[in-house]
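K.L.:
Starting off with a structure, shown below.
The values are calculated or read from the model by the stated rules, or taken from the named source; none is laboratory data. These numbers come from a predicted model, not from an experiment. A quick note on method: Cβ atoms are made from the backbone with ideal geometry, for glycine too, and the neighbour counts reach across all protein chains shown.
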Amino acid sequence: MEDIASRYADRSVRSVFIYVREAHPGEYLPPHDSMEKKRAHARAFVEEQSIQRPVLIDTLDGACHNAYGQLPNMTWIIGRGGLILYKAAWTRPDDVEAALDESLGGYVRRRQDQLMPAYSERMIWRAEENERFIEIGKRAGPQAIADLFGGEAARKAFEE
């Protein structure tokens, strides 16, 4: 997503990352019980993942996450005037880029081709990313991996 954000920045596309909560808290990164801890976890995440986009930190009670549907890894593209151009429950960069291209192309062509917007909803498929999630989950601790994949996976992940 960092690459997409930088490549589309010159086309009036602004991208932000909203840090809402630890998706799978564990012994090393427990659930947030203060904004101070939440900010510290967000800073560590930004550094570990090399996030270049502006990062907004949700309230402790998750007001933003609740308002936008509590989806686990969501992406929204919101156009001028607040029009929702794209909403996904799971961020898949190739799909986000296709949606950006479709939306921006429509704005460019709308007058010459007499285009009108139309709402669409669809299901996409994504590959399992278990190895990646286990690697990321290590930062939170064995409990985070056990919650997702079971105790045996957590034991193996921390044996190495």
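K.L.:
Please enumerate the residues belonging to the range 61-80 that are over 12 Å from the mean Cα position of the chain (by Cα) and over 27 Å from SER12 (Cβ atoms).
P.N.:
Correct list: ASP61, GLY62, ALA63, ASN66.
K.L.:
Mind listing whichever residues of the range 1-32 are in a helix (DSSP H, G or I), in contact (Cβ under 8 Å) with a residue 24 or more places away in the chain and surrounded by 12 or more Cβ atoms within 10 Å (Cβ to Cβ)?
P.N.:
Scanning the range 1-32 gives GLU2, ILE4, ALA5, SER6, TYR8.
K.L.:
Any idea which of LEU115, LEU104, LEU100 is farther than 30 Å from LYS38 by Cβ and touching a residue at least 60 places away in the same chain (Cβ under 8 Å)?
P.N.:
On the way: LEU115 fails: touching a residue at least 60 places away in the same chain (Cβ under 8 Å); LEU100 fails: farther than 30 Å from LYS38 by Cβ.
After applying the criteria, what remains is LEU104.
K.L.:
Is it the case, given these coordinates, that ALA23 is of a type in the set (Gly, Ala, Ser) and more than 12 Å from the chain's Cα centre (by Cα)? Explain how you work it out, then say what you get.
P.N.:
On the way: of a type in the set (Gly, Ala, Ser): yes; more than 12 Å from the chain's Cα centre (by Cα): no.
Judged against the criteria, ALA23 is not a match.
Residues are listed down the side, and each one gets a yes or a no for (1) among the acidic types (Asp, Glu); (2) closer than 27 Å to ALA89 by Cα; (3) surrounded by 10 or more Cβ atoms within 10 Å (Cβ to Cβ):
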site: GLN112; (1), (2), (3): no, no, no
site: GLU121; (1), (2), (3): yes, yes, no
site: ARG126; (1), (2), (3): no, yes, yes
site: ASN130; (1), (2), (3): no, yes, yes
site: ILE136; (1), (2), (3): no, yes, yes
site: ARG139; (1), (2), (3): no, yes, yes
site: PRO142; (1), (2), (3): no, yes, yes
site: ALA157; (1), (2), (3): no, no, yes
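K.L.:
Looking only at the range 45-59, count how many residues are surrounded by 14 or more Cβ atoms within 10 Å (Cβ to Cβ) and within 14 Å of VAL20 (Cα to Cα).
P.N.:
Residues in the range 45-59 being surrounded by 14 or more Cβ atoms within 10 Å (Cβ to Cβ) and within 14 Å of VAL20 (Cα to Cα): 5 in total.
K.L.:
Here's something else I'd like to know. Can you find a residue that is touching a residue at least 24 places away in the same chain (Cβ under 8 Å) and assigned to a strand (DSSP E or B) anywhere in the range 61-70?
P.N.:
No, there is no match, as no residue in the range 61-70 is touching a residue at least 24 places away in the same chain (Cβ under 8 Å) and assigned to a strand (DSSP E or B).
K.L.:
While we're on this one: Can you tell me which residue among ARG111, ARG122, ARG139 is assigned to a loop (DSSP other than H, G, I, E, B), within 24 Å of ALA5 (Cα to Cα) and not assigned by TED's automatic domain parsing to the domain that holds ILE4? Let's see the steps before the verdict.
P.N.:
Numbers: ARG111 fails: within 24 Å of ALA5 (Cα to Cα); ARG139 fails: within 24 Å of ALA5 (Cα to Cα).
So the residue among ARG111, ARG122, ARG139 that is assigned to a loop (DSSP other than H, G, I, E, B), within 24 Å of ALA5 (Cα to Cα) and not assigned by TED's automatic domain parsing to the domain that holds ILE4 is ARG122.
K.L.:
Cβ-Cβ below 8 Å, separation at least six or inter-chain, first residue in the range 33-52 and within 25 Å of ILE4 (Cα to Cα), second of a type in the set (Ser, Thr, Tyr) and exposed (fewer than 14 other Cβ atoms within 10 Å of the Cβ): which pairs?
P.N.:
GLN52/SER6
K.L.:
How many residues does the range 33-44 contain that are surrounded by fewer than 12 Cβ atoms within 10 Å (Cβ to Cβ) and of a type in the set (Gly, Ala, Ser)?
P.N.:
Number satisfying all stated conditions: 1.
K.L.:
Kindly provide the set of residues from the range 44-60 that are more than 23 Å from ALA9 (Cβ to Cβ) and either modelled with pLDDT of 95 or more or not assigned by TED's automatic domain parsing to the domain that holds ASP3 (or both), ordered by number.
P.N.:
Answer for the range 44-60, where residues must be more than 23 Å from ALA9 (Cβ to Cβ) and either modelled with pLDDT of 95 or more or not assigned by TED's automatic domain parsing to the domain that holds ASP3 (or both): ASP58, THR59, LEU60.
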